[in-house]
Each structure stands twice: as C-alpha cells, then as structure tokens.
1. Consider only pairs whose beta carbons are under 8 Å apart and that are at least six residues apart or on different chains; among these, list those whose first residue lies in the stretch 340-354 and is exposed (fewer than 13 other Cβ atoms within 10 Å of the Cβ) and whose second residue is in a loop (DSSP other than H, G, I, E, B) and of a type in the set (Phe, Trp, Tyr).
2. Quick test for you: out of Lys62, Lys74, Lys87, pick the one residue that is assigned to a helix (DSSP H, G or I), of a type outside the set (A, V, I, L, M, F, W, C) and surrounded by 13 or more Cβ atoms within 10 Å (Cβ to Cβ).
3. I'd like the full set of residues that are modelled with pLDDT of 85 or more and among the small types (Gly, Ala, Ser), limited to the stretch 260-289.
4. Out of all the residues in the stretch 112-168, which are closer than 30 Å to Ala18 by Cβ, charged (D, E, K, R) and surrounded by fewer than 18 Cβ atoms within 10 Å (Cβ to Cβ)?
5. Among Lys62, Lys87, which is the only one that is without any contact (Cβ under 8 Å) to a residue 40 or more places away in the chain and not small (Gly, Ala, Ser)?
6. Sort out which residues of the stretch 321-339 are in a strand (DSSP E or B) and among the acidic types (Asp, Glu), and write them in order of number.
7. Whether any residue in the stretch 13-31 is in contact with a strand residue (DSSP E or B) (Cβ under 8 Å, 6 or more places away or on another chain), β-branched (Val, Ile, Thr) and within 30 Å of Gly219 (Cα to Cα) is what I want to check.
8. Take the residues of the stretch 355-365 that are among the polar types (S, T, N, Q) and assigned to a helix (DSSP H, G or I): which is surrounded by the fewest Cβ atoms within 10 Å (Cβ to Cβ)?
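The values are calculated or read from the model by the stated rules, or taken from the named source; none is laboratory data. These numbers were taken from a predicted model, which means no experiment stands behind them. FYI the Cβ positions are ideal-geometry reconstructions off the backbone, even for glycines, and counts take in every protein chain you see.
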Amino acid sequence: MKAFTEFEDKDITENVTAANSDYADDLEANAKFLSGDHWQDGEGWAGALPESAPDRGQAIKKIKALFTSQNVIKSITERHKSAVIGKSPEWTVTPKEALSEDEAIDEGHQQDIDEIEAALTGWWYKQEAHATLEQWVSYLLAGSRAVLRVYIPNGFLQGGKVANGELEEQLNKIRIEVVSPDMGAVIANKEQSTKAGMISFTNIDDEEVFEISYLNEEGKTIIKNVSSGTETDPLELGGHLSIYEGSRDLFITEQIRQQNKLVNKALTMMNNNVDSGFLERVFLNAQPPGEWKTNDDGNEYFKPTPYAVGPGTTNFIGGAEYEKNDQGEKAITNPSVTFREPVPNNTFVEAKSEAYASILQEAHQMHALISGDATASGESRIQALSDFIMDAESTKATLDSAGKWLIETVMYLAFDLSGNESKTELYKATFDSRLDPGTIPAEMRKAIINQVDEGLLSRDTAMSMLGIDDVDAELAKIDSAAQQAIELLKDLRDANINSKTLTQRLIGIIIADKQFITEALEDADLTAIDGEIEAQSNQNAQEADLFNELGV
C-alpha cells in the first residue's frame, strides 16, 4: 500500500469499498427492512410462484394487493438500541496521571476539569451528541460497521485557518456527523503500522470531496482534502484521527431476514384466508331463483333474481328443466347443494409465532417473548435476560470506545485551537453508556434476587439486569455499609458489650451485602440500632462513650 500522504481520490474509493465489501449487501437489505419496505419489488415474498411468466406476473400482482407485513426487524433493533443508548451516557474528564487510592485531584487541576467539563457539556447539548450516537448505533446494528467524523465547517475558516478564540468559543465551531459505512472507513497500513480515516461526501456545491486523516511522523493529526490538495496544520489530538470506525458482529443476519419474510408470508396468507373465509354454497343442477318472461319477439326467457340469505329466510330450489331428447321431451334435473366452510387460521398463526420466536432467539431477545409466559421458570427468564444483556454489552463496549474517542477528540481539538495544546497531555475522558434492559416484571426481579442469594448469579450481573446505572458505585456503597457493620461488631467485642438484638441487626446488614438490593443502612435499621445503643448506654457509661466515639 502506498503512503497515506500520496493517496488520491481513487485510492480512497477503493479502500472504502473494500472495507465495506463484507457487509455491503447486508446493509442494503437491512436498510430496506428497517425503512418498512418489506415487499421490495417482490423480492420480499417468500412463497412459491408460478414458473410461466404470464402466470407469475398475475400471481405477483395478486399477492402484492394482499401483502401484509410486520416489521419485527425494526422492533428488535430498536429494543437493542434503547438498551444501549436509550439513556444519556455518563462521561467525565479526568487526569491522565494515575492517582493512588487515597489521593485526591489537586485543587488547581480540579478547577481546570470543572471548567472543561462545563464547556464540553454545553457543546454536547448544542450539537445533540446523544442523538448522533443513536444514529451511529443504528448503522452499527444495520451493517456491522459505523463511522464518526469530527470536523469544522468551512464557514468558520478564514483563509483555510480557524481564528483564535477561547476554549468554549472554539468548541462551538466543532461539529460531528455520522458517515454512512459505504462512504467512510479507517484503513490500516500494515507495512507502516499506521492507520488513516477516509471519507467521501458531496459538498454544498454538489461536488464530490475526498478527505483523509492520518498521523505525521511526530504523531500529530493531519486532515487533508485530497480533492483540492489542501490540508490542516498538524493538530495535537492525542494520537486520535478525526474519523473513527467501530464494529461488532452482524446483528441483523440473513437468518433474521428469512424469518421476517416467513412472518410476512404467514400474515399475508391469513389476510388472503379472511377473503376466502366466508361460507360458500355451490348449487348443482339447480334452477336459480327468478321468473320466466316474454320478450318483444314473443320468446320466453328466464330472468334470475338474487338468492336470498340471512336470518328467517326460506328458499325453494328446484331442478332445472332441460330437453331430454331430439323429440323435445322435457325433464327436470336432480338438484343438490354443497357447502365449503371457512378454512381455520391455525396453521398460519402457528407459523407466524414460530418465525417470530426464531427472530427473538437469533437476536438474543427471548426475554421479550417469555416475560408474559406464566409457564416459564424463573431460571429460564433470567437466562433469557442475561443473554440479552450480554449481547447488548458487546455493543456497549464498542459504543463506549467511540464515545471516549469523541469526547477526547473534540476536547483536544478545542485545546489546540485555543492555544492550550499542552493540556492534551494532562487530561483524558471516561465514557459509560448506561445499559437499560427495560421494565423488569416483579416476578423476574424476585427470581434474580433469589439467584444471587443462592450464589448462582453475581451481584454486578444482577444489578445490570435490574437496570442499576452505576454498578461499581452501588457496590462500593453496599460494601462500605457492610464494612461499617463489621467494624462496629469488632468494637462491641473488644469492649465486651453483649447485646443479642444489636448483634443480630448488624449481622443482618452484613448479610444484606450479599442480597445487595436492600439499602444496607436504611433509616429503620439506624433507628433500631440507636435504640439498642441507648439501652446499653443507660446500663454502662463506658458503653455510651464508646458509641459516641464510633459516631453511630
């Protein structure tokens, strides 16, 4: 591969096309389903068709008129996306230098961080970064790849340069956008152990523009318009490119598309069956209701009248008269009537249900199917929810990396443009997209808690299932409460204070650490403990002094 500095328009086109080649067909097919186009000019029909062209055309025309669809693909995609990016992510700015466990950020750096976070928060909401990341996740789920771009619009450039300004002013010039996977990629040059981001787009003058972002020998970022040959001055972006690509395993697979077609086929057949579902009567050798009349020529003719149907209706049907022989001898046919009852929909309902369940299983979302199933065991419910969360966590990991890149790249670019590029070496970003599994029924919550009590499920996994945002903080809070109880028990033992009730309550707090759901030091527990301590204190002044020292 040639050096990125030598790339031309065609090189970008070739590399972006190659990067998207594995999933280009999936992206195109999935985009149609997600947009609601399930017919797809007949390609979306999964049923049999006549082989001859004329019959085939007539059949397609009839099927199209009856075609009924359910967008299960969009439903599972939205459910997964809501779990990953439905809640607003949490991000912070922290020092790059690691701090010891009991070491705090010094006042100067903390003030700097507060100012940076305040400016970035304003930028986040003005640029609707959350909505941008939602769109990015949509591409990720539709085609396995998603591309982000940070840029400054030409309107903020003066002679190709950005005017000087303070941090917040420069942040307001920075924009972000999601790039369609077929228009952008991050490419690795294995020979030189380097990477470059590249995109193509159409500008306001309807001209196709090719852009590449790479690092120079000093590790600074260059953004080059390959079409015009112009490029930025070297930017101190902490080794980041201005273009980012994330990926995950294909979410909407060919199997899911096939099953959604089967769902649509079952619904279409049900729709057709409704039209064919009325009672049919076939009269054989019968004379229709009507009367004989004479025309102007004097000839008799039979004028049929409608067949009467409905409650309380009585009809008399006779045989039809016909000439028995050449001599004109007349005879009456022996009439009969047959009925065709409506065809039941059971086959189509069962086929649709099986296909729907297969889609949920393939998408790791069986919990959505069995949440209302009274026969499902607690263990199966938890397994299904755990499967969903594990799949969502794979997307979350990719999203968190993209979010960290986004916050840092925007922050470092604002540092560089405001003359504070030295701060790039001081600060970094953390990013946490908060998983939200959705509403958890009470019986499933109880089953989750029971599995933690039995040691079958870890606390952090259970907390994720229950939708607790900051698992680490919650665990730290619980551990802290349990530790307080342990320390108090030790002090009671050292002071030779024996109180069965108080000891039981403290042990209960420690046990609550395993149960993890209960707030370890609720007001009721504290009130009871305070009462027990007061009783002990009345008996022994030494005990009262001890509890006062403990600050309980």
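1. Note: pairs meeting the criteria are Pro342/Phe278.
2. One residue alone meets the criteria, Lys74.
3. Within the stretch 260-289, Ala266, Ala286 qualify.
4. Glu134
5. Details: Lys87 fails: without any contact (Cβ under 8 Å) to a residue 40 or more places away in the chain.
When all the criteria are applied, what remains is Lys62.
6. Of the residues in the stretch 321-339, the ones in a strand (DSSP E or B) are 321-323, 330-332, 336-339.
Hits for the stretch 321-339 are Glu321, Glu323.
7. Checking the stretch 13-31: at least one residue is in contact with a strand residue (DSSP E or B) (Cβ under 8 Å, 6 or more places away or on another chain), β-branched (Val, Ile, Thr) and within 30 Å of Gly219 (Cα to Cα).
8. If we filter the stretch 355-365 for residues that are among the polar types (S, T, N, Q), which is where we start, we get 358, 361, 365.
Keeping just the survivors that are assigned to a helix (DSSP H, G or I) gives 358, 361.
Values: Ser358: 18, Gln361: 16.
Result: Gln361.
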